[in-house]
Amino acid sequence: MNSELFDKLRFAYNQNDPSNNPNLSLYEKVGAVTSALLTTPDSQGPKMDDATFKKFRDLIYQQCGIAFTENKKYLLEGRIGKRLEAHGLATFDEYYKLISSSAQQRDELPSLFEAVTINETYFFRNPPQFEALEQVIIPEIMNTKQSQPTKKLRIWSAASSSGEEAYTIAMLLLDKIKPQFPGFQFEVFASDISAAVLEKARTGVYKEYSVRNMPAYYLNKYFTRDGDKFVLSSEIRNMVKFLSVNLYETPTMRTMTNFDVIFCCNVLIYFDTLAKQQVVANLYDSLNKNGYLFIGYSESLHGVSKAFKLVHFPKTIAYKKE
Ligand SMILES: C[S@@+](CC[C@H](N)C(=O)[O-])C[C@H]1O[C@@H](n2cnc3c(N)ncnc32)[C@H](O)[C@@H]1O
């Protein structure tokens, strides 16, 4: 390896990116490092000065709660650079003017969010969570619901990205839970801030990367092969309702209510403590009493919320609203 490439790799690795996280898989680290590599300071294209970086950083934080620290300037430069190209603009200042104008902001903000977010996900990402859901949490919730007039279970995959988590839940419900509880209605909602990932989710077509962790049983039962693609059955696709929800936007969050279980995994990591507190408080309100919240393997509510009871399951934890 030549020294220039080594320096770039080291720089990419040291950017305090999630790729530094020891709990991420090799695939995730390679993805994050590659993405960071593409945005190292020597990358071609316009440069972002410190003042402009601060303006973008504040705008992104105010709009979606994602916190970019000073050492992420090159990451932001590379990602937002793509939006400059799309608009044929020469400088970041011109793009900032465009996105600050109220006339253009509504149309352009979703593309800015897409440029700056990480959409990494796959089926059965954290198996112990799904085991706890199937074997303990759902039976417990159903038990209390048996005596209630509404025979309905509602699960929400918040920050769903391209749908793998929500469809994993739908497969478990159809295969393992529904047969035990005839007469019950099951609703799965999935939401994200990015319109592009939601569009991909609705198609239900995936590459090998997404299904690599999936037990062969589910792959054979609910997917068909089309060349190098894996096409999800319409039976599962029709079980999930996809919505656009910005977790950092309280008025929208207030419309998301009466959930029994919420998965909000691998997104809190991008927020600062204040934004996490706001998002988690809203998720708490979205849950029914006795409902559960799952967050990512490497995430924690320490210093974020004391409202939940921490519940331990084999190799995983969940937060219960009592
Ligand atoms: C790394 S993916 C996580 C996907 C899935 N939950 C999982 O764990 O596999 C993070 C997702 O969060 C979304 N996201 C980031 N900020 C958001 C916000 N403020 N509101 C809603 N979604 C957001 C991104 O668009 C991205 O799709």
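The number of residues in the stretch 230-255 that are within 16 Å of the chain's Cα centre (by Cα), surrounded by 15 or more Cβ atoms within 10 Å (Cβ to Cβ) and farther than 20 Å from PHE186 by Cα comes to 6.
Listed here are the residues, each with its yes/no results for (1) in the same structural domain as VAL311 (by TED's automatic domain parsing); (2) within 16 Å of the ligand (Cβ to nearest atom); (3) surrounded by fewer than 23 Cβ atoms within 10 Å (Cβ to Cβ); (4) not in a loop (DSSP other than H, G, I, E, B).
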{"residue": "ILE138", "(1), (2), (3), (4)": "yes, no, no, yes"}
{"residue": "MET142", "(1), (2), (3), (4)": "yes, no, yes, yes"}
{"residue": "ILE155", "(1), (2), (3), (4)": "yes, yes, no, yes"}
{"residue": "SER161", "(1), (2), (3), (4)": "yes, yes, no, no"}
{"residue": "ALA170", "(1), (2), (3), (4)": "yes, yes, no, yes"}
{"residue": "PRO182", "(1), (2), (3), (4)": "yes, no, yes, no"}
{"residue": "PHE189", "(1), (2), (3), (4)": "yes, yes, yes, yes"}
{"residue": "LYS200", "(1), (2), (3), (4)": "yes, yes, yes, yes"}
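The values are calculated or read from the model by the stated rules, or taken from the named source; none is laboratory data. These numbers were taken from a predicted model, which means no experiment stands behind them. Neighbour counts are summed over all protein chains in view; Cβ atoms, including those assigned to glycine, are modelled from backbone coordinates with ideal geometry.
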